[in-house]
Amino acid sequence: MDDHSPQALRTAAIESLLKEKGLLTDDDVDRVIVQYSERVGPMNGARVVARAWSDPAFKRALLEDATSAIAPFRFEGGQVEKLVVVENSPTVHNLVVCTLCSCYPWALLGLPPRWYKDPAYRSRAVREPRQLLHDFGLRLDPGIAVRVWDSSAEVRYLVLPERPAGSESLDEAALALWVTRDAMIGVARAESPERTHGV
Amino acid sequence: MASDDRNLPQFDTLAGKAAPPLVNGELMLDAPWQGRAFAMAQLLAQRGLFGWEEFRLALIARIAAAERDASPGQPFHYYDCVLEALHAVLATQAVVDDDAITNRMKQLENHSEKHTPLT
C-alpha cells in the first residue's frame, strides 16, 4: 500500500475482510473501477445514442446539427463546441481519430483512452483503418465502406453505432447500457443483449 | 465485463448533495481508495448485503453531519462520507463489525510499516 492515510487503511481493511468472508473476489472491485472510466465517463454519449435509437425525430436532428440537438441534455464541459454525429449503417462504418493530437468529445465520452492518443492509432486509422479495426477485434465485411473522421479543436465527431440485435424491447435507459465508449469512437460495435445472453 | 455488472446501482440515483463529484461525466477521484470504497458499496448493494437505499440514506446522514461539524472554510470530503456510510451499513447489517475493521487496520498498518524502507 502506497497510501497510508486512515481512509486508505480503513478501505483496505474492509475489502480484505469482505474477501475473507467470500463476499468479494480479488477481481470484483478492480472490474467496477475500470467501468468508472470506460462506462460511466462515456454515459453522456450513450444517453445521446440511446435517444437517437428510440426517437427518430431526435436522430434526424442529431445527424443534421448535433451541437444543437444535444443542448437540452445540458452536459457540462466545454469540449463540445461543434459536434458532428456520423451514423453507421449496414454498408458504412465510421471511425474517429485525431491525427494531430487527441481532440475528443470529452463532455460526451469522459477522458480519452490511452490508445486514442497513441501515435500508432493516429496514423493507422488513416493509413490502414480496416487492419486497425481488425486488431481491435472488429472484422468488417469487405462490402462495408470505412469512413475516417479527423477531429480537430473546432469539430469533434461521435459515431452513432447501429442499434444491436435483441434490443427491440429495451427502453432508452436500458439501451444506453449497451453503448460502449469504443462503439462511439468506432473501434467496436454496440454490445448486443442477444450476443451476451446467447439468446 | 461480467454481465451482471450492468445491474449495479447507478450514480444518478444519488442526487443533490449525495451525488458524487463528476468531471465530464466521470467520477472525480483523488486517491485509489475512494473508487474502491464506492465500488464496494455498489457491489454489496447489488448482492443484497444491504439496500442501495439504505446506503444512500447513510451517505446523506454522513454528509449532513460533516457539514454541521465543519469549521468555516474547511473543505468538504465527499469520499470520507462514502467510506463512513459503507462502514456504518456493514456494521448495521452485521456483515463486518467495528472491532474486526479496527483490528485489520492495525494489522495492515504494521505490515506496511515493516515494508517501508528506512531512509
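Only one entry in A:A69, A:A12, A:A107 is within 30 Å of B:D97 (Cβ to Cβ) and open to solvent by less than 30 Å² (accessible area, probe 1.4 Å), namely A:A12. A single member of A:D28, A:D2 is over 26 Å from A:P164 (Cα atoms), surrounded by 15 or more Cβ atoms within 10 Å (Cβ to Cβ), modelled with pLDDT under 95 and not aliphatic (A, V, I, L, M), and it is A:D28. Residues in the stretch A:127-136 that are assigned to a helix (DSSP H, G or I) and either exposed (fewer than 14 other Cβ atoms within 10 Å of the Cβ) or modelled with pLDDT under 95 (or both): 4 in all.
Contact map, the stretch B:52-73: residues that are closer than 14 Å to B:A15 by Cβ paired with residues that are open to solvent by 40 Å² or more (accessible area, probe 1.4 Å), Cβ distance under 6 Å, separation 6+ or inter-chain. Pairs shown: B:I63/B:K17. Cβ separations smaller than 8 Å between residues 6+ apart or across chains give the following pairs from the stretch A:43-55 residues that are farther than 10 Å from A:A173 by Cα and in a helix (DSSP H, G or I) to residues that are modelled with pLDDT of 95 or more and aromatic (F, W, Y): A:A52/A:F58.
For the stretch A:31-47, a tally of residues being at pLDDT 90 or above and buried (at least 24 other Cβ atoms within 10 Å of the Cβ) returns 2.
Could you identify the single residue in A:A165, A:A176 that is under 24 Å from B:L27 (Cα atoms) and aliphatic (A, V, I, L, M)? Within the list A:A165, A:A176, the selection yields A:A176.
Taking the conditions (1) of a type in the set (S, T, N, Q); (2) part of a strand (DSSP E or B); (3) within 23 Å of B:L27 (Cα to Cα) in turn, A:S102 satisfies each one other than (2). Regarding B:G16, is this residue at pLDDT 90 or above, more than 19 Å from A:Q7 (Cα to Cα), loosely packed, with under 15 Cβ neighbours inside 10 Å and not basic (K, R)? Criteria not met by B:G16.
Note on the stretch A:83-99: among residues that are assigned to a strand (DSSP E or B) and in contact with a Phe, Trp or Tyr (Cβ under 9 Å, 6 or more places away or on another chain), the one that is surrounded by the most Cβ atoms within 10 Å (Cβ to Cβ) is A:V85.
Okay, residues lined up against (1) assigned to a loop (DSSP other than H, G, I, E, B); (2) modelled with pLDDT of 90 or more; (3) surrounded by 12 or more Cβ atoms within 10 Å (Cβ to Cβ):
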position	(1), (2), (3)
B:D30	yes, no, no
B:L43	no, yes, yes
B:L49	yes, yes, yes
B:L57	no, yes, yes
B:I60	no, yes, yes
B:A65	no, yes, yes
B:S71	yes, no, no
B:P75	yes, no, no
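How many residues does the stretch B:77-101 contain that are within 14 Å of A:R10 (Cβ to Cβ), open to solvent by less than 30 Å² (accessible area, probe 1.4 Å) and assigned to a loop (DSSP other than H, G, I, E, B)? Adding up the residues that qualify gives 1.
In the stretch A:137-154, the condition of being within 14 Å of chain B (Cβ to nearest Cβ) and open to solvent by 50 Å² or more (accessible area, probe 1.4 Å) is met by no residue.
The values are calculated or read from the model by the stated rules, or taken from the named source; none is laboratory data. Everything quoted here is computed from the prediction, not taken from an experiment. No Cβ is skipped: glycine too gets one built from the backbone with ideal geometry, and neighbour counts run over all protein chains shown. Just the protein is used for accessible areas: all its heavy atoms, side chains included, with ligands, DNA and RNA removed. Shrake-Rupley method; radii C 1.70, N 1.55, O 1.52, S 1.80 Å.
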